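Okay, structure first, notes after.
The values are calculated or read from the model by the stated rules, or taken from the named source; none is laboratory data. These numbers were taken from a predicted model, which means no experiment stands behind them. Cβ atoms come from the backbone with ideal geometry, glycine included; neighbour counts cover every protein chain shown. Ligands, DNA and RNA are excluded from the accessible area calculation, which covers all protein heavy atoms including side chains. Shrake-Rupley method; radii C 1.70, N 1.55, O 1.52, S 1.80 Å.
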Amino acid sequence: MNTLALGPQWLDPDYLIDTFGLLGVLAIVFAESGLLIGFFLPGDSLLFTTGLLVTTDVIKQDLWLVCVAVAVAAVLGDQAGYLFGRKVGPALFRRPDSKLFKQENVEKAHEFFEKHGPKSLILARFVPIVRTFTPIIAGVSRMNYRSFIIFNVIGGVLWGTGVTLLGSALGKIDFVHQHIEMMLIAIVLLSVIPIAIEYLRARGKAKKEAVAGAADPQGPTAGAPSQGPRGRHAKR
């Protein structure tokens with residue numbers, strides 16, 4: 001296989017799988033699903049590559065077993081994120097920025113959670129960075145635990161098995177074998193599209209609010225308190 005030259009070697013899916021094997025894949029899926037330090041990990045392209053390598057017998061495991069293991073790792077990762085969020089609470093919103101932590105990522109995940117409610121645990125699975133912080137925000141907001149478990153399992157299964165099966169299915173096509181690097185780049189770009197769309201929407205919204213604020217500085221949007229981190233999905 002070719003090497004995906006889209007950053008450091010330790011972020012290349014082929015290198016990670018070749019070095020750490022299936023256990024490494026599961027560890028990365030777990031970390032990216034709910035640990036603060038996992039947001040930069042290549043989840044989508046890694047699962048796609050894993051499915052492809054299972055089909056080509058580079059990873060000598062049954063496909064169904066790999067899919068189950070990946071889904072379990074994803075669900076447990078979100079579970080860890082939720083428990084971390086419950087423990088840390090609103091203090092997470094006051095944590096200073098560092099090399100591995102940006103308050104901006106927390107705020108985006110919070111807005112995503114408030115906008116989509118419990119189903120954000122499913123939708124966020126397919127949005128890099130947001131998928132790492134959403135279960136943590138659910139914990140901070142003290143989302144009903146039973147509801148969290150249901151949506152967590154659905155999201156983990158759809159994402160974990162779906163992307164892996166996609167890689168496996170495409171791995172049977174000769175064109176994919178001949179252009180594997182291009183396919184991995186396409187997967188990464190598709191993963192980035194939701195972030196780009198959300199960024200452009202947020203930028204447009206900010207411009208509209210700036211214009212409205214300039215026209216009416218005493219309006220209700222000036223200094224209006226934002227909804228607390230507990231949100232409307234908090235357990236009562």
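Can you give me the long-range amide H partners of residue 179? Hydrogens built in the peptide plane at 1.01 Å from N, cutoff under 5 Å, separation of 5 or more residues or another chain.
Those qualifying (amide H under 5 Å, at least 5 residues apart or on another chain) number zero.
Provide the per-residue ³J(HN,Hα) series for the range 150-162, in order, calculated from phi with Karplus coefficients 6.51, -1.76, 1.60 and θ = phi - 60°, each as a whole number of Hz, with x at glycine and proline positions.
With coefficients 6.51, -1.76 and 1.60, one gets 4, 6, 5, 5, 4, x, x, 6, 4, 6, x, 7, x Hz.
DSSP loop chymotrypsin sites (Phe, Trp or Tyr not before Pro) in the range 124-159 with at most 13 other Cβ atoms within 10 Å of their Cβ, which ones?
none
Applying the Karplus parametrisation 6.51 cos²θ - 1.76 cosθ + 1.60 with θ = phi - 60° to the phi angles of the range 80-88, what ³J(HN,Hα) value in whole Hz is obtained for each residue in order, glycine and proline being reported as x?
Whole-Hz 3J(HN,Hα) from phi for the range 80-88: 4, x, 4, 5, 5, x, 5, 6, 6.
Which ³J(HN,Hα) values in Hz, rounded to whole numbers, follow from the phi angles of the range 135-147 under the Karplus curve 6.51 cos²θ - 1.76 cosθ + 1.60, where θ = phi - 60° and Gly and Pro get x?
Residue by residue, the range 135-147 yields x, 5, 5, 4, x, 4, 7, 6, 4, 3, 5, 5, 5 Hz.
Using a 1.4 Å probe and counting only protein heavy atoms, arrange 170, 121 so the residue with the most accessible area comes first.
Ranked list, largest accessible area first: 170, 121.
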